[in-house]
Structures are given as C-alpha cells and as structure tokens.
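The values are calculated or read from the model by the stated rules, or taken from the named source; none is laboratory data. All of these numbers come straight from a predicted model, not from anything done at the bench. Methodologically, a virtual Cβ is constructed for each residue, glycine included, from the backbone with ideal geometry; neighbour enumeration extends over all protein chains shown. When the accessible area is computed, the model is the full protein with side chains, heavy atoms only, and any ligands, DNA or RNA have been set aside. Shrake-Rupley method; radii C 1.70, N 1.55, O 1.52, S 1.80 Å.
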Amino acid sequence: MVERPGGEMLLFLTDEQLQQGIEAMFFAYQSFTADPDRILETMEYGRAHHRAVHFIARKPGTTVTNLLGILGVTKQSLNRVLRTLVNDGLVESRIGKSDKRERNLHLTEAGKVLERELSDSQRMRLRSAYRAVGPEAVLGFRQVLEAMMDPEMRNRYQILRGAR
C-alpha cells in the first residue's frame, strides 16, 4: 500500500494476487451453488429456475417485466422458466389489479418450500463464512462485490435492495 497526499491509501495488487482472487471466486461460486444444483437436478430444473424463484420470493407480486429487468434475460427465456414453474404448481401468475395486462408473480406454498430449501444451504454457508472472518471482512466483501458490478447491474441491485 502507498499513502497519497491527504492520507488516501492506494492498494497495488500483483497479477498473481488477482489470479488467486479469480480462482477463489470460481471455487467459492461452485461451492455456493452445489447444494441448490443437486436439489434442482432432481426436479430437472436449472439455475434459471432458482434465480426466478429467489427473486419472486424477495419481491412477491413482482411483474414479469420487473423480473426480466432483475434477471437480465430474454422474455422468451424467462417465459420458458415461468411456464415450467407455473405448470409444476410452484408459481402463480395473477392478473394485475391496476393494469389487467400485467402479470404479478407469487410463490405458492410449494414454491415457498422449494425456495427455503434452495436458500437454506446458501444462507448457512454465508453465515459460517461471515462468522469465520468477522464484520470488517463481511463489509469489505460486499463492497468488493458491489464495486465489481457494471453500473447498470449495480443500479438493478440497489433498486432490489430498496436503496433507490
């Protein structure tokens, strides 16, 4: 680290340190998704189904248009995923109250059970890691993740969190 005039600290990283970070992120992501992937595989679902279920759970009543924006996928791709989830009784699509063209998405009881099952292992993994490294590292980790996001992605994230 080098201190600039005014006290700002600059961090210089070697290519090897960056490579180690890339590899750590790759293996952490594999571990983070492994348990949900095993559950999804038994249902012949993929990660797109998991993401849809996750964000419908976070924002019950969200519209298809809003979900498209959050996930950043094509309408065709999302419709295929939603059709499966609706047909399997995990998601219900209700006609909008103010705009009859809107479709508001809600998890059914079975969908809520699946969402909990998929997310529990991820919450346990994060909780354990956060406890192991402490609050400063937790804050730093989130800051690094947010700093890695493209501006549009960061905006979608902040909207989801209610920060905008």
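Here is how the numbers come out for the structure above:
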read-out	value
Any hit, the stretch 57-71, residues being modelled with pLDDT of 95 or more, in contact with a helix residue (DSSP H, G or I) (Cβ under 7 Å, 6 or more places away or on another chain), surrounded by 11 or more Cβ atoms within 10 Å (Cβ to Cβ) and under 30 Å from residue 88 (Cβ atoms)	yes
Evaluation of residue 106 against (1) within 24 Å of residue 130 (Cβ to Cβ); (2) assigned to a strand (DSSP E or B); (3) not polar (S, T, N, Q) (one fails), failing number	(1)
Residue match in the stretch 134-154 (condition: touching a residue at least 24 places away in the same chain (Cβ under 8 Å) and surrounded by 13 or more Cβ atoms within 10 Å (Cβ to Cβ))	no
Qualifying residue in the stretch 20-42 (condition: over 30 Å from residue 144 (Cβ atoms), under 24 Å from the mean Cα position of the chain (by Cα) and open to solvent by 30 Å² or more (accessible area, probe 1.4 Å))	yes
Those residues of the stretch 85-103 which are β-branched (Val, Ile, Thr) and over 14 Å from residue 53 (Cα atoms), in sequence order	95
Within the stretch 99-112, considering residues that are open to solvent by less than 80 Å² (accessible area, probe 1.4 Å) and either β-branched (Val, Ile, Thr) or modelled with pLDDT of 95 or more (or both), the one nearest to residue 32 (Cα to Cα)	111
Meets criteria (in contact with a helix residue (DSSP H, G or I) (Cβ under 9 Å, 6 or more places away or on another chain), open to solvent by less than 30 Å² (accessible area, probe 1.4 Å) and within 29 Å of residue 150 (Cβ to Cβ)) for residue 91	yes
Helices (runs of 4 or more DSSP H) wholly inside the stretch 1-100 containing at least 2 residues that are over 25 Å from residue 142 (Cβ atoms) and free of Cβ contacts under 8 Å to residues at least 12 places away in the same chain	15-42, 75-87
Residue that is nearest to residue 162 (Cα to Cα) [pool: residues in the stretch 43-85 that are under 12 Å from the mean Cα position of the chain (by Cα) and among the basic types (Lys, Arg)]	58
